[in-house]
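> I am attaching a structure below and will ask some questions about it afterwards.
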Amino acid sequence: MDRITLTLPMLRSAGEVLFLVAGESKADAVRRAFAGEPSPSTPGSLVRAAHGTTAAVLDVAAAAKL
């Protein structure tokens, strides 16, 4: 199977970063990624557009702990 790997610097250089998250099982990860300080223990928290926008589209269950 073909794959593409993007590094953290590449993701950060994007003009727009969009997270799409659904489900109750993701609520803790969403809280750590978007409400806490960036941390290597939560890789999603390290992905923020340096010169653009970062947005998260969450369903109610995924956003429950924000």
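The values are calculated or read from the model by the stated rules, or taken from the named source; none is laboratory data. All figures in this text were calculated on a predicted structure; none of them were measured in a lab. Using ideal geometry, Cβ is built from the backbone for each residue, glycine included, and neighbour counts are taken over all protein chains shown. What goes into the accessible areas is simple: the full protein's heavy atoms, side chains included, and nothing from ligands, DNA or RNA. Shrake-Rupley method; radii C 1.70, N 1.55, O 1.52, S 1.80 Å.
> Can you tell me how many residues in region 1-40 are loosely packed, with under 13 Cβ neighbours inside 10 Å, part of a helix (DSSP H, G or I) and either touching a Cys at 6+ places or on another chain (Cβ under 9 Å) or at pLDDT below 95 (or both)?
So the count comes out to 3.
> Identify, please: which residue in region 41-66 is part of a strand (DSSP E or B) and under 11 Å from Phe19 (Cβ atoms) and is, among those, most open to solvent (accessible area, probe 1.4 Å)?
Top of the filtered list is Val57.
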